[in-house]
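Please read the structure below before turning to the comments.
The values are calculated or read from the model by the stated rules, or taken from the named source; none is laboratory data. Nothing here was measured: the structure is a model prediction, and the numbers come from that model. Methodologically, a virtual Cβ is constructed for each residue, glycine included, from the backbone with ideal geometry; neighbour enumeration extends over all protein chains shown. Side chains included, ligands, DNA and RNA excluded: accessible areas come from the protein's heavy atoms. Shrake-Rupley method; radii C 1.70, N 1.55, O 1.52, S 1.80 Å.
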Amino acid sequence: MRGVPCDGTRPLTRSGRNSRSTQSTQSTRSVPSPDRRPRARYARHTVTGAALLLLAAGAAPAFAAAAGGADSPERDAQLVYCLDPVHRTDLLTAAVRLGLLKADAEVSPERWAKDHDKDFGRACAALMAAGSDSPATAAREDKGAGEDGWVVTLLKQLPLLLAGALLTLGGQSYERGQSERRSLRQELGTAESAYRAAVREYLADYRQDERADHTAVRAARDALAVTLSRVPDPPARRAAAERLADGLPLAEPLPRTAGLYLPDSQTRARTATGEQESVDRCLRSLPALNRTSLYWSWRTVRNRPALPGTTGTGGAR
C-alpha cells in the first residue's frame with residue numbers, strides 16, 4: 001500500500017497539511033538526478049562556442065568602423081575641428097542653414113553635439129567640406145576614405161574570420177564522423193551478436209540431429225550482410241566489408257547425409273566444430289571496420305594499383 005512503511009504500521013497524520021507536506025517531501029526526494037550528457041556533446045558545444053567567439057571578435061571592429069561610432073577617427077576629427085573656437089560660429093550657422101537649428105536658438109555647441117549626435121555630424125561634415133577648396137570633391141573623398149577604412153579593417157580581420165570558420169567546419173566534421181562510427185559500431189555489434197547466437201543454436205541442434213532447422217541462421221546471416229553493405233567510404237573499407245559479407249559461413253544448411261548413409265554423431269560434431277571455427281575466424285576482422293576514416297583512406301592509397309610503366313627498369317627508360 002502506498003505510504004505504508006515496511007513494518008506494516010501506518011504513520012499518524014494530524015492534518016491534511018502535514019500529509020501534503022510529507023508527500024511533497026517524498027516526491028522531491030524521489031526526483032531522479034539528471035543524466036550526464038555525453039562527452040562528445042560537450043566537445044561539440046565547446047568548439048562551436050569558440051568559433052562563434054572568434055567570429056564575433058573578428059567582425060566587431062569592422063562593423064564598428066563601418067558604423068562610424070562615437071570612437072571612430074572620423075568622429076574624433078569632427079569634434080576637434082568643429083568645436084574649435086574658430087569654427088563654433090560657423091558650425092551653428094551651418095546648422096541653421098541646413099534646418100537643424102532655429103536662428104534664435106541659444107545652444108552650446110558641446111551640448112548640441114552630445115544631445116543631437118546625428119545632426120551635429122551632418123552639420124560638421126558640411127562645414128568641413130565647405131572649408132576645403134572643392135566641397136563636392138572633399139565630400140566624395142571623405143566618403144571614399146570611410147569606405148576604404150572599412151575594407152582595410154575587414155581585410156585585417158579576415159584571417160581571424162577564416163580561422164573561426166575553419167574551426168567550426170572542423171568541429172562539425174569531427175562530430176559527424178564520430179556519430180557515424182558510433183552508429184555503425186552499434187549496428188554491426190547487434191547484427192553480429194544475432195548471427196553468432198543463431199549459429200551457436202543451430203550447431204548445437206545439428207550435433208543432435210542432422211535435420212536441424214537452418215532458417216534462423218539464414219535470416220541472421222542476411223541481416224549481417226545487409227548491415228555490411230551500408231559501410232561507408234573510403235573504398236578500402238567498403239571492399240573489406242564486401243569481402244566479409246561474401247565470406248560469411250553457413251549460407252546453406254550443413255549436409256544431412258554422408259553418401260548413402262546418415263552422418264553419425266562424431267561426424268556431425270566434427271563438422272559443427274569446423275563451422276564454428278570458420279565463423280569465429282571470419283568475424284575476427286569485423287571490429288577493424290570501426291577504425292577511423294584516416295586509417296582507411298591510407299589503406300585506399302596504399303592498395304591503389306600502380307600506373308602502367310612505373311614499375312621495372314624498362315618502363316622508366
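Things to note:
- Restricting attention to segment 78-94, the residues that are in a loop (DSSP other than H, G, I, E, B) and under 14 Å from VAL107 (Cα atoms) add up to 1.
- Counting the residues of segment 229-272 that are touching a helix residue (DSSP H, G or I) at 6+ places or on another chain (Cβ under 7 Å), without any contact (Cβ under 8 Å) to a residue 60 or more places away in the chain and hydrophobic (A, V, I, L, M, F, W, C) gives 10.
- Candidates in segment 176-200 are the residues that are open to solvent by 40 Å² or more (accessible area, probe 1.4 Å) and small (Gly, Ala, Ser); of these, the one that is farthest from ALA240 (Cα to Cα) is ALA197.
- Scan of segment 282-304 for residues that are touching a residue at least 12 places away in the same chain (Cβ under 8 Å) and of a type in the set (Phe, Trp, Tyr), ordered by number: TRP296
- Members of segment 86-107 that are surrounded by 12 or more Cβ atoms within 10 Å (Cβ to Cβ) and of a type in the set (S, T, N, Q): THR93
- Every residue from segment 263-303 that is open to solvent by 50 Å² or more (accessible area, probe 1.4 Å), assigned to a loop (DSSP other than H, G, I, E, B) and more than 14 Å from GLY247 (Cβ to Cβ): ASP264, ARG291, THR292, ASN303
- The test for being modelled with pLDDT under 80, open to solvent by less than 50 Å² (accessible area, probe 1.4 Å) and in a helix (DSSP H, G or I) does not hold for ALA125.
- Taking segment 208-257 as the range and being surrounded by 14 or more Cβ atoms within 10 Å (Cβ to Cβ) and of a type in the set (Ser, Thr, Tyr) as the test, only THR227 passes.
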